[in-house]
Amino acid sequence: MMRGWQNLTKQAARFGVVGMANTAVGGGVIVTLQWIGLGPYIANLLGYCAGMLFSFAINGRWTFSSSLDGARLSRFVVVIAASYVLNLLILTFAIRFMGWSEIESQVAAMVCFTLPNFIGQRYVVFRSATAAREYLCPHRHDAQIGIAWHLTPSKVKKPNTQLRHSAFSW
């Protein structure tokens, strides 16, 4: 169990570092594109696309030690979109119904984007046998789970259930 928490903590920390770097990359692209004459909306769109691709690549390889492919990219876009919709809902609710300031609402919305985004990336986009095992059986130690978690079905060997003749012969 401790290994699972250590892995989760390490991934969460790396996810945070990538998020900060991602903000710098996306913001840098936006500023650069506007500096060379692109309009703010096109620069914003391209900056966010650059940030998303950066986040996909670095989180995939470094944070979650996963391979990168089209299926994962598709799931990544869905997770980002769902997290963003939640972000907008929280932002709107906090401003209109809670009476919070725009800054307070933005902070709440950012938290409500980051947590489901991390969970979605960990368990949906970059899921692995390890992450699935920790998610499905967080209370079990690896030794209790058994060999089936660690090997693909084609490599799982059935235990020898035949009784040895010499041990039980009379």
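Observations on the structure shown:
- Accessible-area value, T92, 1.4 Å probe, nucleic acids and ligands omitted, Å²: 60
- Extended-chain gain in nm, criterion 0.36 nm per residue less alpha-carbon gap, L86 and W5: 26.5 nm
- Other residues lying with their Cβ under 15 Å from the Cβ of D69 contribute a combined charge of +4, Lys and Arg counting +1, Asp and Glu -1.
- Each residue, V17 and L45, gets one label point 7 Å from its Cα in the Cβ direction; the gap between the two is 3.4 nm.
- If R0 equals 25 Å, the separation of the Cβ atoms of V107 and A24 corresponds to a calculated FRET efficiency of about 0.85.
- M20, M52, M98, reordered so the largest accessible area comes first (probe 1.4 Å): M20, M98, M52
- Protein-only accessible surface order, largest first, of R72, R127, R122, R61 at 1.4 Å: R61, R127, R72, R122
- Taking label points 7 Å from Cα along the Cα-to-Cβ direction, D69 and L38 give a separation of 3.1 nm.
The values are calculated or read from the model by the stated rules, or taken from the named source; none is laboratory data. These numbers were taken from a predicted model, which means no experiment stands behind them. For neighbour counting, all protein chains shown are included, and Cβ atoms are generated from backbone atoms with ideal geometry for every residue, glycine included. Only protein heavy atoms, including side chains, enter the accessible area calculation; ligands, DNA and RNA are left aside. Shrake-Rupley method; radii C 1.70, N 1.55, O 1.52, S 1.80 Å.
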